[in-house]
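Notes for the one structure printed next.
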Amino acid sequence: MECLFGVVGDGFVLLVADTSAVRSIVVQKTDEDKILNLDSHRLLGTSGEPGDRVYFSEYIQKNIHLYRFRNGIQLSTAAAANFARGELARALRKNPYHANMLFAGYDEDVGPSLFYLDYIATLHKIQKGAMGYGGYFILSLMDKYYKPDMSLDDALKLVDMCIDEIRKRLVVAPPNFIIKIIDKDGARTHSWRKSVVET
């Protein structure tokens, strides 16, 4: 019952993911970070089968670092997303990964950007998007309340509305969510929304 969503605001992108690690009917932990830092100004949020999700996201992260070391320049957000799309498309014909992703980043010449990439290698630049079962409930909220160039406060209000809707409507709702932000100052954890604390 994974939930991953993101919104582009005025000079920033917010990525939000649930933090539950679930297998069958067992919740194994509620503090797994499903949003990976690719580099200083890029994040990759993932959902899907745990093994595929972790392996593929780490593979992309390490290859982006390798590109920077070999060439002395960092890939843009669009270039990183296109690289991942190419790798997913190549794997689709051999040994497919069941992993869905949201790429978020900030580039000096472009500003904030968000890319949707699903397990069949479909890539789109978007302003708002959601994946997982939570997406069934929050895409309509995003359509109604999202505005281009939202302030950070307005975007966080929308995020909280989406989390409340997931907790209210989803039959097995994840209790905890992590919110990360990317802007001109880099990628970092903004806050958590917790209803269960690990003991």
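The values are calculated or read from the model by the stated rules, or taken from the named source; none is laboratory data. The model shown is predicted, which means the values in this text are computed figures rather than measured ones. Glycine also receives a Cβ, built like all others from the backbone with ideal geometry; neighbour counts cover every protein chain displayed.
The residue of the range 1-26 that is modelled with the lowest pLDDT, among those that are surrounded by fewer than 17 Cβ atoms within 10 Å (Cβ to Cβ) and of a type in the set (A, V, I, L, M), is MET1.
When we screen LYS168, LYS125 for residues that are charged (D, E, K, R) and modelled with pLDDT under 95, the only hit is LYS168. Among the residues of the range 130-160, which ones are in a helix (DSSP H, G or I), surrounded by fewer than 15 Cβ atoms within 10 Å (Cβ to Cβ) and not aromatic (Phe, Trp, Tyr)? Selection gives SER140, ASP143, LYS144, ASP153, LYS157, ASP160. In the range 114-126, the residues that are touching a residue at least 40 places away in the same chain (Cβ under 8 Å) form Cβ pairs under 7 Å with partners that are among the β-branched types (Val, Ile, Thr) and crowded, with 19+ Cβ neighbours inside 10 Å, at six or more places apart or across chains, as follows: LEU114/VAL8; LEU114/VAL13.
For the range 68-79: of the residues being free of Cβ contacts under 8 Å to residues at least 40 places away in the same chain and in a helix (DSSP H, G or I), which is nearest to LEU36 (Cα to Cα)? Lay out the reasoning, then the answer.
Residues of the range 68-79 free of Cβ contacts under 8 Å to residues at least 40 places away in the same chain: 68-77, 79.
Still in the running and in a helix (DSSP H, G or I): 68-71, 77, 79.
Working: ARG68: 17, PHE69: 19, ARG70: 22, ASN71: 22, THR77: 14, ALA79: 17 Å.
For the range 68-79, the residue satisfying everything is THR77.
Every residue, every condition in (1) at pLDDT 95 or above; (2) of a type in the set (S, T, N, Q); (3) crowded, with 16+ Cβ neighbours inside 10 Å; (4) not in a strand (DSSP E or B), yes or no:
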{"residue": "GLN61", "(1), (2), (3), (4)": "yes, yes, yes, yes"}
{"residue": "LEU66", "(1), (2), (3), (4)": "yes, no, no, yes"}
{"residue": "ALA81", "(1), (2), (3), (4)": "yes, no, yes, yes"}
{"residue": "ARG85", "(1), (2), (3), (4)": "yes, no, yes, yes"}
{"residue": "ASN95", "(1), (2), (3), (4)": "no, yes, no, yes"}
{"residue": "PHE103", "(1), (2), (3), (4)": "yes, no, yes, no"}
{"residue": "TYR106", "(1), (2), (3), (4)": "yes, no, yes, no"}
{"residue": "LEU114", "(1), (2), (3), (4)": "yes, no, yes, no"}
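Residue count for the range 27-47 under the criterion of being modelled with pLDDT under 90 and either within 16 Å of SER113 (Cα to Cα) or outside any loop (DSSP other than H, G, I, E, B) (or both): the result is 3. Taking the condition in contact (Cβ under 8 Å) with a residue 40 or more places away in the chain and either touching a helix residue (DSSP H, G or I) at 6+ places or on another chain (Cβ under 8 Å) or closer than 25 Å to GLN127 by Cβ (or both), does LEU14 pass? Criteria met by LEU14.
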